[in-house]
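Okay, structure first, notes after.
The values are calculated or read from the model by the stated rules, or taken from the named source; none is laboratory data. Computed from a prediction, not measured in an experiment: that's the story for all the values here. Methodologically, a virtual Cβ is constructed for each residue, glycine included, from the backbone with ideal geometry; neighbour enumeration extends over all protein chains shown.
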Amino acid sequence: MNTGIDCIPCFVRQAAEAVGFCVADESRRAVVMRHILSELARLDWSGVPPATAQILHRMIRKETGNTDPYRSMKENMNRLALKLLPFLQNEARMQEDPGAAVLRLAVAGNLIDAGAKTGLKENDIRTMMCQTCQGECMKGSARELFQSAELARKVLYLTDNAGEIVFDRALIEMLPREKMVVGVRGSAVLNDATLVDAETAGLLGIVRVLSNGSDAPGILLEDCSAEFRRVFDESDLIIAKGQGNFESLSDTSKHIFFLLQVKCACVAEHLGIPVGRMAICERNDTTGKPRNCILQ
């Protein structure tokens, strides 16, 4: 999925937000933003959106001297998710199909995304996640995903955001962990999850977690470590969370389940799914099966 003109306002918003986190002085913020916007105009926009965002956020970190502008937000989201998880897992166990309920919970967790939405409030997330557990389950989608995981030789689970990664843990615990690797970002970008967040979420003790070696808010394989590329190539099933992973892998010839909240018009148009809906999109080029988008 290539960068479109409609992606540019989102990049500008991300820059303004990140700079606002790092620079207290208003006049200094203006100088930094002018320089960043000038450089953004010179970038090649022909690649996938995470490639453009990677360069943008490298500029932000360089200009502000802050290596992780979203650290405080990530810590808050992890803390809230850990507080909510026991209650939500218990709610899921009480559903007719607990596996489908946990899958829905993991997809709903993708709402926690600074790259696509600002003004995240703890009460809004709390309310949304509780309502999700009581909503209609993704029975057909869950059956296909769990069956594919059982049949696969190796499974790679690609996380997206901090906070969200805590809800991912609930789903990962129901999958065959002995043949699974969980991938996280190699270093800080936006509020995406890194090894620090995986440890906070409690994943390091239950499954192998691997840094991808990249600071892109998606999967740019050419920028990832050799070890991550090997694991990616060897995996016959990939479960990919979030829009950034979808934007960068939607044309990849692998068996992939994309689990995401549709948050922008560009992705909505690409998928044919309205903004604001949760989606599980299966891509299986190895069998010739067309992409199957399941709306909930």
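Being closer than 21 Å to residue 186 by Cα, in contact (Cβ under 8 Å) with a residue 60 or more places away in the chain, out of contact with any helix residue (DSSP H, G or I) (no Cβ under 7 Å at 6 or more places or on another chain) and of a type in the set (Val, Ile, Thr) is a property that residue 219 lacks.
Restricting 215, 160, 168 to those that are on the phi < 0 side of the Ramachandran plot and touching a Lys or Arg at 6+ places or on another chain (Cβ under 6 Å) reduces the list to 160. Could you tell me whether residue 166 is among the β-branched types (Val, Ile, Thr), outside any helix (DSSP H, G or I) and buried (at least 24 other Cβ atoms within 10 Å of the Cβ)? Answer is no for this residue.
Quick grid of which residues meet (1) at pLDDT 90 or above; (2) part of a loop (DSSP other than H, G, I, E, B); (3) touching a Phe, Trp or Tyr at 6+ places or on another chain (Cβ under 8 Å):
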residue: 232; (1), (2), (3): yes, no, no
residue: 245; (1), (2), (3): yes, no, yes
residue: 260; (1), (2), (3): yes, no, yes
residue: 270; (1), (2), (3): no, no, no
residue: 275; (1), (2), (3): no, yes, no
residue: 280; (1), (2), (3): yes, no, yes
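Scoring residue 2 on the criteria (1) within 26 Å of the chain's Cα centre (by Cα); (2) without any contact (Cβ under 8 Å) to a residue 24 or more places away in the chain leaves a single failure, condition (2).
Kindly indicate the residue of region 119-154 that is in a helix (DSSP H, G or I) and among the acidic types (Asp, Glu) and also modelled with the lowest pLDDT among those meeting that condition. So that I can check it myself, show each step before the final result.
Narrowing region 119-154 to residues in a helix (DSSP H, G or I): 122-133, 139-151.
If we keep only those that are among the acidic types (Asp, Glu) too, we end up with 122, 124, 144, 150.
On the way: 122: 67, 124: 72, 144: 92, 150: 97.
Checking each candidate, the answer is 122.
Checking each residue in region 74-118 for being surrounded by fewer than 19 Cβ atoms within 10 Å (Cβ to Cβ), of a type outside the set (D, E, K, R), modelled with pLDDT of 90 or more and within 29 Å of residue 9 (Cα to Cα) picks out only 76. Using the structure shown, decide if residue 53 is out of contact with any Leu (no Cβ under 6 Å at 6 or more places or on another chain) and either free of Cβ contacts under 8 Å to residues at least 12 places away in the same chain or assigned by TED's automatic domain parsing to the domain that holds residue 258 (or both). Spelling it out, it is not the case that residue 53 is out of contact with any Leu (no Cβ under 6 Å at 6 or more places or on another chain) and either free of Cβ contacts under 8 Å to residues at least 12 places away in the same chain or assigned by TED's automatic domain parsing to the domain that holds residue 258 (or both).
Any residue at all in region 17-37 that is of a type in the set (S, T, N, Q) and in contact (Cβ under 8 Å) with a residue 40 or more places away in the chain?
Within region 17-37, the subset of a type in the set (S, T, N, Q) is 27.
In the following step, the residues that additionally are in contact (Cβ under 8 Å) with a residue 40 or more places away in the chain were identified as none.
Checked against the condition, which is being of a type in the set (S, T, N, Q) and in contact (Cβ under 8 Å) with a residue 40 or more places away in the chain, region 17-37 yields no hits at all.
When 21, 11 are checked against the criterion of being under 23 Å from residue 214 (Cβ atoms), among the aromatic types (Phe, Trp, Tyr) and out of contact with any Phe, Trp or Tyr (no Cβ under 8 Å at 6 or more places or on another chain), 11 stands alone in meeting it.
Which of the following residues is surrounded by fewer than 24 Cβ atoms within 10 Å (Cβ to Cβ) and free of Cβ contacts under 8 Å to residues at least 60 places away in the same chain: 253, 235? Spell out how you get there, then give the answer.
On the way: 235 fails: free of Cβ contacts under 8 Å to residues at least 60 places away in the same chain.
Sole residue among the options that is surrounded by fewer than 24 Cβ atoms within 10 Å (Cβ to Cβ) and free of Cβ contacts under 8 Å to residues at least 60 places away in the same chain: 253.
Summed over region 192-212, the residues that are over 21 Å from residue 179 (Cα atoms) and over 16 Å from the mean Cα position of the chain (by Cα) give a count of 1.
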